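Working notes, structure below.
The values are calculated or read from the model by the stated rules, or taken from the named source; none is laboratory data. Here the structure is a predicted model, which means the values were calculated and not measured. Here Cβ is always computed from backbone atoms with ideal geometry, including for glycine, and neighbour counts include all displayed protein chains. Surface accessibility is based on the protein's heavy atoms, side chains included, excluding ligands, DNA and RNA. Shrake-Rupley method; radii C 1.70, N 1.55, O 1.52, S 1.80 Å.
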Amino acid sequence: MAERRVDIAIIGAGVVGLATALALAPTGLRIALFDAQPKPSTRPKGRTLNEWDRRVTALTPESIRFLQSLGVWPSIEDNGRGGAYTDMFVWDSEGTGQVHFTAADLNIDSLGTIVESSLTLQALISATETAANLSINWGTRLESMDIEADGIRFTTSSGDAFIADMTIGADGGRSKSRELAGMRTREWRYGQNAIVATVRVEPHHSRACWQAFLPSGPLALLPLADDDMCSIVWSVDDALSEQWIQADPNEFVDGLNRALSGRGPRVVEVSERQTFPLIQCHAVDYSKGRFVLVGDAAHSIHPLAGQGINLGLSDARILGGEILRAYQRGADWRSPQVFSRYERQRKGDNLGMMATMQAFKWGFGSKNPALTIMRNLGLSSVDALPFAKRWFMRQAVGAK
Ligand SMILES: Cc1cc2nc3c(=O)[nH]c(=O)nc-3n(C[C@H](O)[C@H](O)[C@H](O)COP(=O)(O)OP(=O)(O)OC[C@H]3O[C@@H](n4cnc5c(N)ncnc54)[C@H](O)[C@@H]3O)c2cc1C
């Protein structure tokens, strides 16, 4: 079988794979993306309860700046479907501790924007299709892969064989490319699922994210562009999630209102619901030879408040920037030094976020009264101490 040569192959054309390709486009190198799924539909969307995408992300200002630099943010914004939020309320359902952040405290217009994942994906696909040196092979699954000294050899479900100078694994949490590369991971299940749905609220969401920490896990209400629509991410134990998915819609709405205990807007209607398992998984190393991991393939985390994608976009920005700089200097852009600079910058952030999620799960999952007092004191002192609150807020908006 004749081998086809590309400079960079990216396995997975999800948000992170596409953003990485666009960050690398200025090199002029030939970059080919491969995705197992067919090209997603570009059908325009409506605004009724069931027409909003149930999978949303809270894009931080840092992620938005990156999408602006790639030239894709205007087409996301022009859709008028992004919910920019100015406030964030976080409280402990079992006690009195609470934190309230506002964009004004940081002298910025918004703390972030809730965007449907499909919208971000579409904008990235359109931009990728217009770049002369980028190509996407839809419906093409990675089948085999060998890491060799001078590049990566791989075959796909289309029956073609390729050799790439370097390959990026962006094929999500169950990454086949990571498995074929024989890269080790540390993985732990929470024994929980996240329930995602769109809800209609009354009187309105006030452009705020509302987040309750319940003993069973966090519940986030994320404001969409229409002021009576929110997306929910509710993490619950496996057995409970089955019960909530089967529950009658009115019963589910009552459950949500009990969980919110009158501290957020009132939920009046819910869309169809969807669940996904919460698995925390981190690759021990991010690269092997000329093969590098980004996004969920490197680290899947608890999507607390829809933050999942921001870490992946930061991976794309840093890896793209390091390769581009090496390329422009005339240095070897596929060298282990370039990849270890990327790994050094990203691993700390990714592990830090994962440890925070684990601490939340441990701290808020406990019924120990001493721990309840500690976490209430903790949340209240974050709210009372300007420097602590500012630090917390800067983490939430993705600033250093
Ligand atoms: C059902 C579900 C709901 C979610 N909801 C939320 C949410 O509400 N909020 C939130 O923050 N996060 C959510 N997440 C997590 C979030 O979607 C991920 O953090 C984010 O999508 C990671 O982006 P990625 O590009 O790294 O991976 P993905 O989006 O997983 O993209 C990987 C791509 O690789 C392709 N691929 C896989 N295997 C192969 C192969 N062998 N060959 C070629 N291509 C392959 C896939 O088709 C896919 O397009 C959800 C995840 C799931 C599964």
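Here each label is just a point 7 Å from Cα along the line to Cβ, and for Arg189 and Arg174 those points are 1.3 nm apart. Which of Lys288/Lys347; Lys176/Lys288; Lys45/Lys347; Lys39/Lys176 have a Cα-Cα distance over 26 Å? Where the Cα-Cα span goes over 26 Å, the pairs concerned are Lys45/Lys347. Simple rule: put +1 on each Lys or Arg Cβ and -1 on each Asp or Glu Cβ in segment 154-251, find the dipole, and look at Gly182, Trp244, Trp210; the Cα lying farthest toward the positive end is Gly182. Only helices reaching 18 angstrom along their own axis (Cα) with mean Kyte-Doolittle hydropathy no lower than 0.0 count here, and for the DSSP H runs of the chain these are 117-130, 308-329, 369-384.
Determine the shape class of segment 162-238: with a ≥ b ≥ c the square roots of the Cα gyration tensor eigenvalues, call it rounded for a/c under 1.5, and otherwise prolate if a/b is greater than b/c, oblate otherwise. Note, shape of segment 162-238 comes out oblate. Could you let me know the centre-to-centre spacing of segment 34-51 and segment 101-176, using Cα atoms, in angstrom? Centre-to-centre distance over Cα atoms comes out at 17 Å.
Both radii are taken from the alpha-carbon atoms of segment 24-109; with Rh as the Kirkwood radius, Rg/Rh is 1.07.
I need the shape label for segment 56-195. Rule: rounded when a/c is under 1.5, else prolate if a/b > b/c, else oblate, with a, b, c from the alpha carbon gyration tensor. Oblate. Note on Val268: accessible area is roughly 40 Å² with a 1.4 Å probe, heavy atoms of protein only.
With the charge dipole of the chain set up from +1 on Lys and Arg Cβ and -1 on Asp and Glu Cβ about the Cα centre, the Cα lying farthest toward the positive end among the listed residues Gly159, Leu49, Ala149 is that of Ala149. All other residues whose Cβ lies under 14 angstrom from that of Ser157 are scored, Lys and Arg at +1 and Asp and Glu at -1, for a net of -2.
The DSSP beta bridges internal to the chain are antiparallel in roughly 70% of cases. Among the GluC sites (Glu not before Pro) found in segment 186-293, those both in a DSSP coil and sparsely packed, with 14 or fewer other Cβ atoms within 10 Å of their Cβ, are Glu272.
The charge dipole of segment 51-176, taken about its Cα centre with unit charges on the Cβ of Lys, Arg, Asp and Glu (plus for the first two, minus for the last two), comes to roughly 220 debye. Only helices enter the 222 nm calculation for the chain: every DSSP H run of n ≥ 4 contributes -39,500 (n - 2.57), and dividing by all residues gives -11500 deg cm²/dmol, rounded to 500. Residues whose amide H lies under 5 Å from that of Gln274, counting only those 5 or more places away or on a different chain, are Val196; hydrogens are built 1.01 Å from N in the peptide plane.
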